[in-house]
1. Filter segment 26-40 down to the residues that are over 17 Å from Gln91 (Cβ atoms) and open to solvent by 70 Å² or more (accessible area, probe 1.4 Å), then identify the one that is modelled with the highest pLDDT.
2. Among (1) open to solvent by less than 100 Å² (accessible area, probe 1.4 Å); (2) at pLDDT 85 or above; (3) assigned to a loop (DSSP other than H, G, I, E, B), which single condition is Ser112 missing?
3. Can you tell me which residues in segment 75-109 are small (Gly, Ala, Ser) and open to solvent by less than 60 Å² (accessible area, probe 1.4 Å)?
4. With the requirement that a residue be open to solvent by 70 Å² or more (accessible area, probe 1.4 Å) and free of Cβ contacts under 8 Å to residues at least 24 places away in the same chain, what does segment 48-74 give you?
5. Filter segment 58-80 down to the residues that are within 22 Å of Gly30 (Cα to Cα) and within 14 Å of the chain's Cα centre (by Cα) and list them by number.
Amino acid sequence: MRNQYARTGKEGAALYQADHQAFLKALASGQSDGFSAPLSVLYCGDVLIAAHLGLLGGGRLHYWFPVYEPGHAKYSPGKVLLAEIMKRSEQLGIQVIDFGEGHADYKEAAASETHELAKVVMAWGARGAASMLPLRWEWRFSG
């Protein structure tokens, strides 16, 4: 997975930080009642061509780290792996696949519904209150 992140310019992502790597390895190797971090893989013969590490709990698979081998990109191995996960969702205990934020063609192709969310970051105290004024005005007068 790290190699694909390097090829696609995602250096600095979660997989590059040692403490995150240790955490993800612990997640992937452990399991408890109602929670797991399944690693799904797709091979072409003996060659690993796609993988996904996610979180599964309460019937919801959080689709976290999908990767594929770029040499096989014309066959869409990531989409094939996702289709196989979806086909087996009932037996895997998956009721919902949550693709998280952001837009991507595979998300839109596989989604049966979407939810618009807002992300707000603000500072504490007077600085935080002041930074929220433009947004508050927009909400108040946009209706």
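The values are calculated or read from the model by the stated rules, or taken from the named source; none is laboratory data. The shown structure was predicted, so the numbers you read here are calculated from the model rather than taken from an experiment. Glycine also receives a Cβ, built like all others from the backbone with ideal geometry; neighbour counts cover every protein chain displayed. Ligands, DNA and RNA are stripped out before the accessible areas are found, and what is left, the full protein with its side chains, is counted by its heavy atoms. Shrake-Rupley method; radii C 1.70, N 1.55, O 1.52, S 1.80 Å.
1. Just the residues of segment 26-40 that are over 17 Å from Gln91 (Cβ atoms), to begin with: 26-30, 32-33, 35, 37.
From the residues that got through so far, the ones that are open to solvent by 70 Å² or more (accessible area, probe 1.4 Å) too are 29, 33, 35.
Numbers: Ser29: 79, Asp33: 79, Phe35: 87.
If we take residues in segment 26-40 being over 17 Å from Gln91 (Cβ atoms) and open to solvent by 70 Å² or more (accessible area, probe 1.4 Å), then Phe35 is modelled with the highest pLDDT.
2. Result: Ser112 fails condition (1) only.
3. Our first condition is that a residue be small (Gly, Ala, Ser); within segment 75-109, this holds for 76, 78, 83, 89, 93, 100, 102, 104, 109.
Passing the criteria: Ser76, Gly78, Ala83, Ser89, Gly93, Gly100, Gly102, Ala104.
4. Result: Leu48, Lys74.
5. At the first step, the residues of segment 58-80 found to be within 22 Å of Gly30 (Cα to Cα) are 58-67.
Within segment 58-80, Arg60, Leu61, His62, Tyr63, Trp64, Phe65, Pro66, Val67 meet the criteria.
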